[in-house]
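What follows is a short report on a single structure.
We did not get these values from a lab; they are worked out from the coordinates using the rules stated. These figures come from a predicted structure and were not determined experimentally. Every residue, glycine as well, gets a Cβ built from its backbone with ideal geometry; the counts of neighbours run over all protein chains shown.
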Number of protein chains: 2
Amino acid sequence: MAEDIKTRLIEVAGEAFAAKGYDSVGIREICQKAEANVAAVNYHFGDKRGLYRACLQHAQSCRVEGLDQPVWPESYTAADKLRAFIRRMLEEKLNPDRPEWHQDLMLRELSRPSETCREFVESYIRPMAHTLGDIMQELFPQQEWTQQKWMIGFSVVGQVLFYQLQQPVIRILMGDEGFESLTVDGLTDHITRFCLAALGHGEPITVEPANSVETN
Amino acid sequence: MAEDIKTRLIEVAGEAFAAKGYDSVGIREICQKAEANVAAVNYHFGDKRGLYRACLQHAQSCRVEGLDQPVWPESYTAADKLRAFIRRMLEEKLNPDRPEWHQDLMLRELSRPSETCREFVESYIRPMAHTLGDIMQELFPQQEWTQQKWMIGFSVVGQVLFYQLQQPVIRILMGDEGFESLTVDGLTDHITRFCLAALGHGEPITVEPANSVETN
DNA sequence: GATTGATTAAAACGATCGTTTGAAACAACT
DNA sequence: AGTTGTTTCAAACGATCGTTTTAATCAATC
């Protein structure tokens, strides 16, 4: 566990907030896990809301690089960029160097309208949308940015986010072994080919016979 | 407002639970809006959790027909069925006859593992997955049901759910007018064509020049 | 009209919530 | 050693939580 109390509190509280929600976590529960006194929260963060804000800020500051202003290799085609974009989104959830609660907390904040939500969208989501929009522009150079391109972007991101937001459902539907047979490589490949084919920039999905994993 | 207190409590509490979460809503707040006494909750539902369960049950019992065991017209091709499936999923959110909180509450319950979540998946989601699986089977008759077909199904559903789960983000990204320019018809058409093209059962998406709505 | 059972109402219960208090512990410097 | 400023601690604060209690109200039956 971390040495200083402020860090410990943020890590413990962030995980709890992400898992159960702001109101469902008491500061006594947090402080007990963080081996701190209850007054530590108010002393270091002002109040509970301040601790929550600190968690959110910490999660945002640790976000994965490469989604907002990525630097692609020269040789990359638009298809390669799309594949890299999708992979990085998927990796963001599974990155072992980063606690899971970071993105969980941010996704929780994004799911309901608030001032924090707006700030997050502008500083975090909007650049991603711009990156994806540039890739789209490369796929359809002659066109303007219309409602349809928003929908295409949402089709890409929606597929990726499904595996992060609906994890419990997937686990029940596919079973534990079926769920754990999903890999970043496999998902990246599927989603990328699915999207490219839909956009006329790749061969349609070909269904292959049952492989080693039987998911019934 | 409804006549009997039990119904009023369920409607008021369900809306609040769906919007803010179980722990963030007090029974005094609920009873005030429902014009009931605080003791009414414990009298009619045992305790707060009982009221919550009643809300969940009510939401589930009012679910839209046609997703679990749909009856397609004889003339429908697999593509037609897929389109109808997607449309009904989209309509489920926008159905004016049904309060929004019904699906919001269910989606909230589905987002975290619990016994209720498992029951919901088995009674509500699994049949939908089966319906979608049958459509897939019709598109690829010779194949067996493998991990890949799960991923294809998730690609379909993920696109639809995005518009329900990420509504605040979409609203901020596209702006209010841009968001409100999205129609069930338009979304159904886009997602259906996107999926069919990806699966090699339709022409790829063609990007058209800017239409009447400028969403920048 | 009295009685019975079901429902509503006001008040209070103990528990827990976020927060504050005031003193103790600690470190750094004169 | 003494002083100063910072951090930690146990205890308690008032407020609110879900729940219970007790009495009042109502409807129906004898």
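At most 16 other Cβ atoms within 10 Å and a DSSP loop assignment: could you name the chymotrypsin sites (Phe, Trp or Tyr not before Pro) in the range B:1-77 that fit?
In loop regions of the range B:1-77 (DSSP not H, G, I, E or B), the sparsely surrounded chymotrypsin sites (Phe, Trp or Tyr not before Pro) are B:Tyr76.
State, to one decimal in nm, how far the label point of A:Gln57 lies from the label point of B:Gln164, with both points 7 Å from Cα in the Cβ direction.
3.7
Return the sequence-ordered ³J(HN,Hα) values of the range B:108-118 in whole Hz as given by the Karplus equation 6.51 cos²θ - 1.76 cosθ + 1.60 applied to θ = phi - 60°, using x for Gly and Pro.
5, 5, 6, 7, 9, x, 6, 5, 4, 4, 4
Label-point separation (nm) for A:Arg126 and A:Glu208, each offset 7 Å from Cα along Cα-to-Cβ?
4.3
At 222 nm, what helix-only mean residue ellipticity would chain A give, in deg cm²/dmol to the nearest 500, using -39500 (n - 2.57) for each DSSP H run of four or more?
About -20000 deg cm²/dmol.
Which is farthest toward the positive dipole end of chain A among A:Tyr43, A:Ile170, A:Val71, measuring Cα position about the Cα centre, with Cβ charges +1 (Lys, Arg) and -1 (Asp, Glu)?
So the residue we want is A:Tyr43.
Counting only C-alpha contacts under 8 Å and six or more residues apart, can you give the relative contact order of chain A as a whole percent?
20
Can you tell me which of A:Ala13, A:Ala129, A:Ala36 moves the most in a GNM of chain A? Springs connect C-alpha atoms under 10 Å apart.
A:Ala36
Going by the alpha-carbon gyration tensor, a ≥ b ≥ c the square roots of its eigenvalues, is the range A:71-195 rounded (a/c under 1.5) or, if a/c is not under 1.5, prolate (a/b greater than b/c) versus oblate? Walk me through the numbers before you get to the answer.
Numbers: a/c = 1.78, a/b = 1.24, b/c = 1.44.
Oblate, since a/c reaches 1.5 and b/c is not below a/b.
Can you classify the protein assembly as shown as rounded, prolate or oblate using the Cα gyration tensor, where a ≥ b ≥ c are the square roots of its eigenvalues, rounded means a/c under 1.5, and otherwise it's prolate if a/b beats b/c and oblate if not?
Oblate is the answer for the protein assembly as shown, as a/c is 1.5 or above yet b/c matches or exceeds a/b.
Is the shape of the range A:4-98 best called rounded, prolate or oblate, per the rule: a/c under 1.5 gives rounded, else a/b larger than b/c gives prolate, else oblate, with a ≥ b ≥ c the square roots of the Cα gyration tensor eigenvalues? Mind showing how you got there, number by number?
On the way: a/c = 3.58, a/b = 3.04, b/c = 1.18.
Note, shape of the range A:4-98 comes out prolate.
Assuming R0 = 45 Å, can you tell me the calculated FRET efficiency for the pair B:Asp134 and B:Ser114, based on Cβ-Cβ distance, to the nearest 0.05? Could you put the intermediate results ahead of the total?
Details: r = 29 Å, r/R0 = 0.64.
About 0.95, to the nearest 0.05.
Please compute the Cα-Cα pair-distance distribution of the range B:68-114 with 5 Å bins starting at 0, giving whole percents from short to long.
5, 17, 19, 19, 16, 13, 8, 2, 0
Please turn the phi angles of the range A:45-51 into ³J(HN,Hα) values with the Karplus equation 6.51 cos²θ - 1.76 cosθ + 1.60 (θ = phi - 60°), one per residue in order, whole Hz, x for glycine and proline.
10, x, 8, 4, 4, x, 5
If I model chain B as equal point scatterers sitting on the Cα atoms and use the Debye formula, what is log10 I(q)/I(0) at q = 0.11, 0.14 Å⁻¹?
Reported log10 I(q)/I(0), two decimals: -0.66, -0.96.
Have a look at B:Val207, B:Ala59, B:Phe140 and report the one farthest towards the positive end of the charge dipole of chain B, computed about the Cα centre with Cβ charges (Lys/Arg +1, Asp/Glu -1).
B:Ala59
Going 7 Å from Cα along the Cα-Cβ axis for the label, what nanometre distances separate A:Gly175 from the same residue across the other copies?
Output for A:Gly175: 5.1 nm, nearest copy listed first.
In whole Hz, with x marking every Gly and Pro, tabulate ³J(HN,Hα) for the range A:171-176 from phi via Karplus 6.51 cos²θ - 1.76 cosθ + 1.60, θ = phi - 60°.
4, 5, 5, 8, x, 4
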